[in-house]
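Everything on this sheet refers to the single structure shown next.
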Amino acid sequence: MALGTNQRRDYALAASRRLAETPLSEELQSSTYGALKLVAAEAAAGAGDLTTSDDLLEQATRGAEQLGSTLHRTVWFGIPEVAITGMAIALQLGRFDEAIRLSGGVNIPKEASVDLRVRYYLTTAYAYSRKGEDFAAAIALLEAERACPEDIRFDWMAHRTLQKLARRDHHLIRRDLAHLLAHAGLM
């Protein structure tokens with residue numbers, strides 16, 4: 001059974017409180033704590049609790065800034081993850097311009113995980129497709145495919161974006177779109 005948004009938020013916050021009592025390295029504890037704050041922030045936004053969502057996102061941002069750009073972590077958490085969660089929250093709230101603005105400030109390091117790169121590109125593609133900016137959406141989808149072709153085939157956000165682009169059928173991206181649709185099994 002899937003958890004509701006209030007349950008997700010409460011679970012993530014309870015886990016972060018328990019984490020404070022667990023003997024972990026400082027970096028692992030900070031990364032895990034920050035990642036849980038992001039889950040709780042997204043869930044709070046989904047539950048309509050925007051004040052809590054904003055507070056949790058701000059706390060996660062401060063934590064990510066303190067951690068710096070170290071990429072050798074067991075739990076991936078840092079400035080890019082905070083920004084991508086901010087984009088996801090903005091999309092959830094229908095704030096497409098804000099999601100696009102946030103995407104422009106994200107710096108994904110070359111050594112970042114494939115998952116992080118794909119989440120960034122798919123979230124960016126979805127945001128651009130919602131604004132009707134087909135070229136930007138197609139470029140982001142092609143980057144996601146380059147990073148991990150399986151996500152184009154199986155990710156719901158990739159499918160939604162591709163379907164939206166296919167309905168608009170812009171002639172200048174038709175060839176790339178046909179390639180992506182075929183790869184996703186949507187053609």
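The values are calculated or read from the model by the stated rules, or taken from the named source; none is laboratory data. This one's a predicted model, so the numbers in the text were calculated from it and none came from an experiment. All Cβ positions, glycine included, derive from the backbone under ideal geometry; neighbour counts span all protein chains shown. Side chains are part of the model used for accessible areas, which takes the heavy atoms of the whole protein and leaves out ligands, DNA and RNA. Shrake-Rupley method; radii C 1.70, N 1.55, O 1.52, S 1.80 Å.
Here is how the numbers come out for the structure above:
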| quantity | calculated |
| --- | --- |
| Surface share of carbon and sulfur [accessible, 1.4 angstrom probe, percent] for the stretch 93-153 | 48 |
| In sequence order, calculated HN-Hα J values of the stretch 87-102 (Karplus, 6.51, -1.76, 1.60; Hz; x Gly/Pro) | 5, 4, 5, 4, 5, 4, 8, x, 9, 5, 4, 5, 4, 5, 4, 5 |
| FRET efficiency, 1/(1 + (r/R0)^6) with R0 41 Å, evaluated for PHE135 and GLU26 via beta carbons | 0.40 |
| Estimated FRET transfer efficiency when R0 is 22 angstrom, pair ALA182-TRP156 (beta carbons, to 0.05) | 0.75 |
| Calculated on alpha-carbon atoms, Rg and Dmax of the stretch 34-187 in Å | 15.8, 46 |
| Expected 222 nm ellipticity per residue - DSSP helices of 4 or more, -39500 (n - 2.57), all of the chain, to 500 | -23500 deg cm²/dmol |
| Solvent-accessible ranking of PHE96, PHE135, largest area first, probe 1.4 Å | PHE135, PHE96 |
| FRET E, pair THR51, ASP169, Förster distance 41 Å, beta-carbon r, rounded to 0.05 | 0.50 |
| Helix 174-184 axis, angle to the chain major axis (alpha carbon atoms, nearest 10°) | 50 |
